[in-house]
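**Q** Here it is, the structure, as structure tokens.
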There are 2 protein chains.
Amino acid sequence: MRLAELSAESGVAVATLKYYLREGLLHPGRTLSRTSADYDESHVDRVRLVRALSEVGGLSLATIEQVLEVITEPGTDRLHVLEAAQRTLVRAGARTPDGADGGSTQRVRDWIERHGWEIDPMDPFIDDLARAWEACDHAALGLDEDRMDRYAEHVEGIATVDVSTVPEDPEAAVRHVVLGTLLVDPVLVALRRLAQQHVSRRAERVGP
Amino acid sequence: MRLAELSAESGVAVATLKYYLREGLLHPGRTLSRTSADYDESHVDRVRLVRALSEVGGLSLATIEQVLEVITEPGTDRLHVLEAAQRTLVRAGARTPDGADGGSTQRVRDWIERHGWEIDPMDPFIDDLARAWEACDHAALGLDEDRMDRYAEHVEGIATVDVSTVPEDPEAAVRHVVLGTLLVDPVLVALRRLAQQHVSRRAERVGP
């Protein structure tokens, strides 16, 4: 298909597609002449992926480029899939400029040990969790270790679903872990709002 | 206390406090003279709430006014408080300009009904979920209804923890729901990354 058709198929303006091509976010089509090229389903898929990462995942185009690099990197073995994916996710999630203070990070490490999770103590998400937990403390939300344990138990169930659906093929696996983690976050956020409504309505009905 | 003391106590500038008073975000103090009034702890709490909703929750002052209206309305029952807080979160979370298409929204409504959740069919988070699910489809993540059921089961556990920790007092409840929903999201996101690592390490160890 020509660029205009790719635009119609993907819902992305021709000017934006040209920008994607220039930036290497979209692989070139098969050259037909000096001014035209032929695009196929792989281009439609890629454009939809870039859109999803940008609009739903909220990633910058520079970050999306890094994500695409990781998921198309040849020769990644399955053992390194998660680490590669996590490195990308760390870059993607760099939202907060402030680091957590040392005390908060240590609290998370202690909590993880007590909770029995097998985690690299230098994992960058420990710092993310420390910062997020600190913000809850500042807002006096009463998020203590006991409630963290209860959340963690349910989140472990979610992670079990995540891991069980990772494909065997390494390239597909990296793609799945990176995209699945980023794009399923908004699904879980929306589900949480809906579940809160369901749970509080049910509580109203059966409550005192 | 006088306005200057309320400013010192709450960390909010006098000019801002006067603005809050004019806009009705802060209830008037007890009149002492034509130019001065007396403020108490209820004013300190209210100013802190407005600040938290504005700075941490990212809400506009117009939205905050609507939340305050609901929580100060006499006879507000617990269910309405939670729903008002959720409406507030919808406005706060208005990120994506595009709506989901009608088919996606209907798929979510059908899934909710089949799953047995008691949700207002016009709930705006249905549209959020539809968009997020659609993005997963575009990325070919294989997020089918069965996997959505498994996620939903665990998220319902999270929501049960959320709802069980909501305080009885309506004003405290709205504060807790709005801030708890917004600030606990990043906690759950970080926990999911850590849990994925734990679950896949455990699977590597016990796997074939």
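**Q** Pick from B:V189, B:V178, B:V199, B:V161: which is out of contact with any Lys or Arg (no Cβ under 9 Å at 6 or more places or on another chain) and closer than 18 Å to A:H198 by Cα? Don't jump to the end; show me each part of the working.
**A** Numbers: B:V189 fails: closer than 18 Å to A:H198 by Cα; B:V199 fails: closer than 18 Å to A:H198 by Cα; B:V161 fails: out of contact with any Lys or Arg (no Cβ under 9 Å at 6 or more places or on another chain).
Going through B:V189, B:V178, B:V199, B:V161 in turn, just one is out of contact with any Lys or Arg (no Cβ under 9 Å at 6 or more places or on another chain) and closer than 18 Å to A:H198 by Cα: B:V178.
**Q** While we're on this one: Consider A:A130 carefully, then state whether it is more than 7 Å from chain B (Cβ to nearest Cβ) and crowded, with 21+ Cβ neighbours inside 10 Å.
**A** So A:A130 fits the description; yes.
Residues are listed down the side, and each one gets a yes or a no for (1) in contact with a strand residue (DSSP E or B) (Cβ under 8 Å, 6 or more places away or on another chain); (2) modelled with pLDDT of 70 or more; (3) surrounded by fewer than 17 Cβ atoms within 10 Å (Cβ to Cβ):
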| position | (1), (2), (3) |
| --- | --- |
| B:R30 | yes, yes, yes |
| B:H43 | no, yes, no |
| B:S60 | no, yes, yes |
| B:E69 | no, yes, yes |
| B:L79 | no, no, yes |
| B:V90 | no, no, yes |
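**Q** Yes or no: region B:171-179 includes at least one residue that is modelled with pLDDT of 85 or more and either within 20 Å of A:R202 (Cβ to Cβ) or not small (G, A, S) (or both).
**A** no
**Q** Looking only at region B:148-161, filter to residues that are surrounded by 17 or more Cβ atoms within 10 Å (Cβ to Cβ) and closer than 14 Å to B:L129 by Cα; which one of those is farthest from the other protein chains (Cβ to nearest Cβ)?
**A** Checking each candidate, the answer is B:M148.
**Q** B:E118 - would you say it is surrounded by fewer than 19 Cβ atoms within 10 Å (Cβ to Cβ), modelled with pLDDT of 90 or more, in a helix (DSSP H, G or I) and not assigned by TED's automatic domain parsing to the domain that holds B:L49?
**A** no
**Q** Looking at the structure I just gave you, is B:A172 closer than 27 Å to A:L59 by Cβ and small (G, A, S)?
**A** When the stated conditions are applied, B:A172 does not pass them.
**Q** Sticking with this structure for a sec: Mind listing whichever residues of region A:2-22 are part of a helix (DSSP H, G or I), under 22 Å from A:A62 (Cβ atoms) and at pLDDT 90 or above?
**A** Those that are part of a helix (DSSP H, G or I), under 22 Å from A:A62 (Cβ atoms) and at pLDDT 90 or above: A:A15, A:T16, A:L17, A:K18, A:Y19, A:Y20, A:L21, A:R22.
The values are calculated or read from the model by the stated rules, or taken from the named source; none is laboratory data. Because the structure is a prediction, the values reported are computed rather than measured. Every residue, glycine among them, receives a Cβ derived from its backbone with ideal geometry; neighbour counts consider all protein chains shown.
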